[in-house]
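Below you'll find the structure, written out as structure tokens, and then a few comments.
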Amino acid sequence: MAPYKNTAAIATYGDHEVIKPENKLRKYVSDTPFVPGEDDPVARAEMALAALSGEFGAMMDEECARLDKERHAVMANGFTKANKEGLFHAAHDIKGQAATFGYPAVASAADSLCRLIEYTPDSSRIPAKLVDQHVDAVRAIYREYSRSDAQDLASMLTVRLREVTDEFLIHENRNRPDILEQITGAPSAVPE
Amino acid sequence: MVRIDFNRLRFLVIDDNAHMRRMLRTLLHGFGAREVYEAEDGAAGLEAFTHYIPDIIITDWAMPIFDGLELAQMIRQPGANANPYVAIIMLTGHSEKKRVTAARDAGVTEFLAKPISAKGLYQRIVNVVANPRPFIKTKTYFGPDRRRNANAAYVGPERRKGGKADTIRQTTLLEKVRSPG
């Protein structure tokens, strides 16, 4: 690849510089407005993703199997650094992907497991039973997703898991006010 | 909605999760992009950045070897690589204020919380292509201006020191070589 050349306008101030790099991408923007009926790139991308949706079940199967495998690694050898990261990443990926895969109710249980791992200062104190309950909840909610009452059951299960987890985390972080503030809930700082 | 010629843009997607890479590639191709490169961890991402010189990087936060935050810090090194100004869109499940601030301070251009949507991704790409922010260089920071909006009602100390200065156009090495004398 050829080196990327960029010119920049630099304004120097007392303790900082303001740099305006040449916007080489601006030429790819058109100010011509979309007209009704014209091909909409967002709709086109949504359709492309929908075409992939037939594979989402298999992808979710893989993610749940991975979570289960990481759970067993923790149960066999404890929360080593690698096991802790493995379980956290598996839960974190499900949290981030479940809604896109069409299983949004699974994300909350995975999120609760992420919080449990992330905010416990001493991982060895995480109750194995609570880890099991989270992993089993994620898998059960996914497995029973086609049931008519699945959303309600998922909600009840997740609320209870979260309550128990928060109670544990508040106790474990009782001397860490900054962490307590995060646990007890600042809203998302990112717009949709 | 702003119209972008996606087939002229070069993307680099960095995520350790193959499913997420596939979804991102699907969305980008759906927008009309043709050049979408992939890497599965921070180290491979940095190598791909150097090799492909993408216009836009879309990276996950949590990855093996080094994460998206460390990757952004490595790219935002003026003079150390081909394009320290490259647009970086951080895609992550972390949306807490502390995390967003850390990503901003690492020089991330845009932040997109999972679950991803076509609309959300499109908007972030439009932002970095059509409305890029200037870069700020201080002793401790190099990256897009962290002040997204000029707030006329702001009351408080001005942390940036110094008055207005002349704008100096920086010439590229190529221009220097070509200019006589």
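Nothing in this text is a laboratory measurement; each read-out follows from the coordinates by a stated rule. A quick note: this is a predicted structure, and the numbers were derived from the prediction, not measured. Glycine also receives a Cβ, built like all others from the backbone with ideal geometry; neighbour counts cover every protein chain displayed.
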### Task
Select from segment A:25-39 the residues that are outside any helix (DSSP H, G or I), surrounded by 15 or more Cβ atoms within 10 Å (Cβ to Cβ) and not β-branched (Val, Ile, Thr) and list them in ascending order.
A:LEU25
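To keep it simple, each residue is scored yes or no on (1) under 22 Å from B:ALA103 (Cα atoms); (2) not in a helix (DSSP H, G or I).
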| site | (1), (2) |
| --- | --- |
| A:ASP93 | yes, no |
| A:LEU113 | no, no |
| A:ILE117 | yes, no |
| A:LEU130 | no, no |
| A:ASP152 | no, no |
| A:PHE168 | no, no |
| A:ASN175 | no, yes |
### Query
Looking at this structure, is B:LEU12 closer than 25 Å to B:ASN131 by Cα, within 17 Å of the chain's Cα centre (by Cα) and buried (at least 22 other Cβ atoms within 10 Å of the Cβ)?
yes
#### Entry: Residue within segment B:35-55 that is surrounded by fewer than 23 Cβ atoms within 10 Å (Cβ to Cβ), within 11 Å of chain A (Cβ to nearest Cβ), aliphatic (A, V, I, L, M) and not in a loop (DSSP other than H, G, I, E, B) present
yes
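Rundown of residues vs (1) among the polar types (S, T, N, Q); (2) at the interface with chain B (Cβ under 8 Å from one of its Cβ atoms); (3) closer than 30 Å to B:ASN81 by Cα, yes/no style:
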{"residue": "A:VAL29", "(1), (2), (3)": "no, yes, yes"}
{"residue": "A:VAL35", "(1), (2), (3)": "no, no, no"}
{"residue": "A:ASP39", "(1), (2), (3)": "no, no, no"}
{"residue": "A:GLU46", "(1), (2), (3)": "no, yes, no"}
{"residue": "A:GLU55", "(1), (2), (3)": "no, no, no"}
{"residue": "A:GLU63", "(1), (2), (3)": "no, yes, no"}
{"residue": "A:PHE79", "(1), (2), (3)": "no, no, no"}
{"residue": "A:ASN83", "(1), (2), (3)": "yes, no, no"}
{"residue": "A:THR100", "(1), (2), (3)": "yes, yes, no"}
### Message
Checking B:ALA87 against (1) more than 9 Å from every other protein chain (Cβ to nearest Cβ); (2) among the hydrophobic types (A, V, I, L, M, F, W, C); (3) in contact (Cβ under 8 Å) with a residue 40 or more places away in the chain: exactly one of these is not met. Which one?
### Response
(1)
### Task
Among residues belonging to segment B:58-82 that are among the polar types (S, T, N, Q) and in contact with a helix residue (DSSP H, G or I) (Cβ under 8 Å, 6 or more places away or on another chain), point out the one that is surrounded by the most Cβ atoms within 10 Å (Cβ to Cβ).
B:THR59
### Message
Can you go through A:MET60, A:MET47 and tell me which one is within 28 Å of B:GLU35 (Cα to Cα) and in contact (Cβ under 8 Å) with a residue 40 or more places away in the chain?
### Response
A:MET60
### Summary
Only unsatisfied item for A:LYS81, checking (1) of a type in the set (D, E, K, R); (2) surrounded by 13 or more Cβ atoms within 10 Å (Cβ to Cβ); (3) within 22 Å of A:LEU130 (Cα to Cα), is (2)
